[in-house]
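Single-structure report; data block below.
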């Protein structure tokens with residue numbers, strides 16, 4: 001389930017590079033924030049505090065209730081960077097799952 005959520009969030013973030021209606025960005029903020037709150041909880045339970053802090057930071061960055069405003073061209077590298085990081089995280093999860101050292 002975590003892997004699927006990471007892939008969906010990555011796709012949403014990559015979609016931000018294209019011209020989308022404003023509602024897309026609002027929905028994306030809610031989903032990314034909720035996803036990273038979930039990841040923070042999972043990582044906290046697994047005692048991976050550094051990853052927990054990073055997830056909380058990203059959740060705050062995409063917080064839809066008190067948004068942080070940047071220009072659109074400033075958001076693009078942020079969105080792409082986080083999407084790439086999520087894809088790398090998925091690859092790491094898949095490798096760890098295949099070795100049986102990781103839980104779903």
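The combined condition, being over 14 Å from the mean Cα position of the chain (by Cα) and at pLDDT 90 or above, is not fulfilled by residue 73.
Checking the structure you have, find out if any residue of segment 62-69 is at pLDDT 90 or above and touching a helix residue (DSSP H, G or I) at 6+ places or on another chain (Cβ under 9 Å). Talk me through it step by step, then tell me what you get.
Going residue by residue through segment 62-69, those that are at pLDDT 90 or above are 62-63.
Next, from what is left, pick out any that are touching a helix residue (DSSP H, G or I) at 6+ places or on another chain (Cβ under 9 Å): 62-63.
Yes: segment 62-69 contains one or more residues that are at pLDDT 90 or above and touching a helix residue (DSSP H, G or I) at 6+ places or on another chain (Cβ under 9 Å).
Within segment 52-84, the set of residues being without any contact (Cβ under 8 Å) to a residue 12 or more places away in the chain and surrounded by 15 or more Cβ atoms within 10 Å (Cβ to Cβ) comprises 54 only.
The values are calculated or read from the model by the stated rules, or taken from the named source; none is laboratory data. This is a predicted model, so every value here is computed, not measured. Using ideal geometry, Cβ is built from the backbone for each residue, glycine included, and neighbour counts are taken over all protein chains shown.
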